[in-house]
Amino acid sequence: MTLRRMIVAVIVLILATTALRLFGLEPLFALSGGILAAAVVFLAALRGTEAVIDDGPREEDDAAGRGSEISRLSWAFNPRTGVAGEIVGRRVRGILRRRLGRRGVDVDDPHQRGRVDALLGAGLWDRLTARQVQSADIRRALDAADRLAAGTEDADRQTSRTTGEQERE
């Protein structure tokens, strides 16, 4: 409730009481009419505002209540059908996209499809982008991601050795 609304309601109370008194009503009836008019104005002013509750219940980001990211990913697997959920597929595709990008391979470029198949396995990227991804394909993709990470580290070490030898010469 704001001070301005209260002031407006008090002014309406005084004006309505005075006007009703001038029309010849007894003071008590004029005051009750003024209170009624002030209440109507005050409630009309409150109707247009939104209630802000600062001490009400909040949705807090409770890590214990929502579970860990690993548990959410594990629930995305259906052991009966062997299908992985969309969240797992997106995550694995993102990892592979980044690791292939470090090697200069763009998975969206159709001309580089052969390099993608050579690094990941024949048709694995296509199976990962299908509507339903099988758990076996997720395992193969994670193995390929591990190979890519190990290959990147080896390439980084080889590059640093080559750079170090060039600096010494």
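The values are calculated or read from the model by the stated rules, or taken from the named source; none is laboratory data. Note that the coordinates shown come from a computational prediction; the quantities given were computed from them, not determined experimentally.
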On the given criteria, is ALA145 modelled with pLDDT of 85 or more, in a helix (DSSP H, G or I) and in the same structural domain as VAL83 (by TED's automatic domain parsing)? yes
Scanning the stretch 2-47 for residues that are aromatic (Phe, Trp, Tyr) and in a loop (DSSP other than H, G, I, E, B) gives PHE23
